[in-house]
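So the structure is just underneath, and the comments pick up after that.
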Amino acid sequence: MQEIIAKLTAKDDKYACAIAEKIISESQDTDEWYEYFNTFASLLNHPKSFVRNRVLNILAANAQWDDENRFDMILDDFLTHITDEKPITARQCIKALRQIGAVKPQYIPRILSCFHGADLSKYKDSMRPLIEKDIEETERLLTE
């Protein structure tokens, strides 16, 4: 467990990103990484946005294996990243919610509610339209 945290939070972002991509890729086809769900969730509020980005996507990739409904315990925390201090992380979260909503449709009303209540005024004019577009697109995909 500590080894996984060390790899995902490594100073070498290329290495850490490669590890995350491997976990995400493998999680599409197997539940072997689901046992570390709580470990990944413990990194949701990591000070480094790169780590948060990785973990948001890893958790989304493992949502399909969540027969134990562990996501119930972290959903509120996950949803706070819709308005993460870093706009890139907000965008990663919004896009990850597409995958989560697809396998956990019971979360769609809460996801949409968070979208509608999201205050995007803190983002620069260059990023706000991109985040708004991500929200619109994710909402469309979740309500089709």
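The values are calculated or read from the model by the stated rules, or taken from the named source; none is laboratory data. Computed from a predicted structure; not experimentally measured. Every residue, glycine among them, receives a Cβ derived from its backbone with ideal geometry; neighbour counts consider all protein chains shown. Surface areas here come from the heavy atoms of the whole protein model, side chains and all, with no ligands, DNA or RNA. Shrake-Rupley method; radii C 1.70, N 1.55, O 1.52, S 1.80 Å.
Quick one: if you stick a label point 7 Å off each Cα along the C-beta vector at K86 and Q64, how many nm between them?
According to this spin-label approximation, the distance is 2.7 nm.
For the range 65-72, just list the computed ³J(HN,Hα) in residue order, Karplus coefficients 6.51, -1.76 and 1.60, θ = phi - 60°, integers in Hz, with x standing in for Gly and Pro.
These are the phi-based 3J(HN,Hα) values: 9, 7, 6, 8, 6, 5, 4, 3 Hz.
Given the Cα-Cα distance of D12 and S113 and 0.36 nm per residue of separation, how much length would full extension add, in nm?
32.7 nm
For the chain, what does -39500 (n - 2.57) per DSSP helix run (n ≥ 4), summed and divided by total residues, give at 222 nm, in deg cm²/dmol to the nearest 500?
Numbers: 8 runs with 95 residues, N = 144.
Mean residue ellipticity, 222 nm, calculated: -20500 deg cm²/dmol.
With contacts defined as alpha carbon pairs under 8 Å and 6 or more residues apart, what's the relative contact order of the chain in percent? Present the calculation step by step, with values, prior to reporting the outcome.
Values: 137 pairs, mean separation 27.4, N = 144.
Result for the chain is 19 percent.
What does the accessible area per residue of the range 13-144 come to in Å², with a 1.4 Å probe and no ligands, DNA or RNA counted?
On the way: 6760 Å² over 132 residues.
So the range 13-144 comes to 51 Å² accessible per residue, rounded to a whole number.
Can you give the angle from 0 to 90° between the axis of helix 87-103 and the longest principal axis of the chain, with both taken from C-alpha atoms, to the nearest 10?
Computed tilt is about 80 degrees.
Counting only protein heavy atoms and a 1.4 Å probe, tell me what percentage of the chain's accessible area is made up of carbon and sulfur. Walk me through the intermediate numbers first.
On the way: 3910 of 7660 Å².
Looking at the chain in its full context, I get 51 percent from C and S.
All other residues with a Cβ under 15 Å from the Cβ of D29 taken together, and with Lys, Arg as +1 and Asp, Glu as -1, what is their net charge?
Working: positive: K22; negative: E21, E26, D31, E32.
That sum, taken over residues with Cβ under 15 Å, equals -3.
Rounded to the nearest 20 Debye, what is the dipole magnitude of the chain about its Cα centre when Lys and Arg each give +1 and Asp and Glu each give -1 at the C-beta? Kindly include the intermediate steps, with their values, before the conclusion.
Working: 19 positive and 25 negative charges, 130 e Å.
Charge dipole of the chain: 620 debye, to the nearest 20.
On the full set of protein chains, 1.4 Å probe, figure out the accessible area of S121 and give it in Å² to the nearest 10.
80 Å²
Eight or more residues apart or on different chains, and alpha-carbon atoms under 17 Å: count the Lys pairs in the chain matching that.
14
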